[in-house]
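See structure below.
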Amino acid sequence: MLKPNSIYCSEIYQKDVVDIADAKTDDQVKRAVGGAIFAGACTGASHDYFVISKVESKKTPLGNFYDCFVISSLSDTERFCSPFDRVTSVKQEKAQRTGDFEIVIQSQAGVKAKCIEGGLIMISKSNQWKRIPMIFPIDLMSDEVNISKDLNYELRNGCRGVDYTD
């Protein structure tokens, strides 16, 4: 997956990616990123995870790394590159999640909670409670899951990402 808050550039603009990756100061990074976005070579920061494939790590002339990949929802063949350490896996992301949440809506029919580390969990209350996770990309989303009636436990597990396969 490509992490949220990532910028990415078409592979044909690798020079911009290299300039960003090789920038030595925060000001140089800001100028390189701003210039690449303004020129249309790169996107602004994304707010969501993206499912990616065909990941290839590359090295800049100064020895910094960046990754090139295909974004599944955009194309099967067009390649993009990200100048920072922005590629991750479900397993890596789950390992970092605490499961902390904030309840947004609670009613007789169900609960909607916002996960502190990002994403939402919805719980449908009926005879059999069900959890619907919305943390990682929809392509990786599991089906709704039958759960117990321990709301705190089930919301915490949902926000940890237990319903997603590694």
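Taken together, the values in this text are just the output of simple stated rules run on the coordinates, not laboratory data. As the structure is a prediction and not an experimental result, all values here were calculated from the model. Please note: Cβ atoms are built from the backbone with ideal geometry, for glycine as well, and neighbour counts cover all protein chains shown.
The table that follows gives values for the structure above.
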{"quantity": "Cα centroid separation, the range 77-105 to the range 1-51 (Å)", "calculated": "17 Å"}
{"quantity": "Total lysine pairs whose alpha carbons fall under 19 Å of each other in the range 14-166 (8 or more apart, or interchain)", "calculated": "16"}
{"quantity": "For residue 42, residues with placed amide H under 5 Å, excluding near neighbours", "calculated": "37"}
{"quantity": "Relative contact order, percent, the range 1-62 [alpha-carbon distance under 8 Å, six or more residues apart]", "calculated": "53 percent"}
{"quantity": "Rounded to whole Hz, the Karplus (6.51, -1.76, 1.60) HN-Hα couplings of the range 119-133, x for glycine and proline", "calculated": "x, 10, 10, 10, 10, 9, 9, 8, 4, 10, 5, 10, 10, 10, x"}
{"quantity": "Relative contact order (%) - criterion: Cα under 8 Å, at least six apart; region: the chain", "calculated": "19 percent"}
{"quantity": "Those trypsin sites (Lys or Arg not before Pro) in the range 7-65 that DSSP places in a loop and that have at most 11 other beta carbons within 10 Å", "calculated": "24"}
{"quantity": "Hz values of 3J(HN,Hα) by residue in the range 16-28 - Karplus curve (6.51, -1.76, 1.60), Gly and Pro given as x", "calculated": "5, 5, 4, 4, 5, 5, 8, 4, 9, 10, 4, 5, 5"}
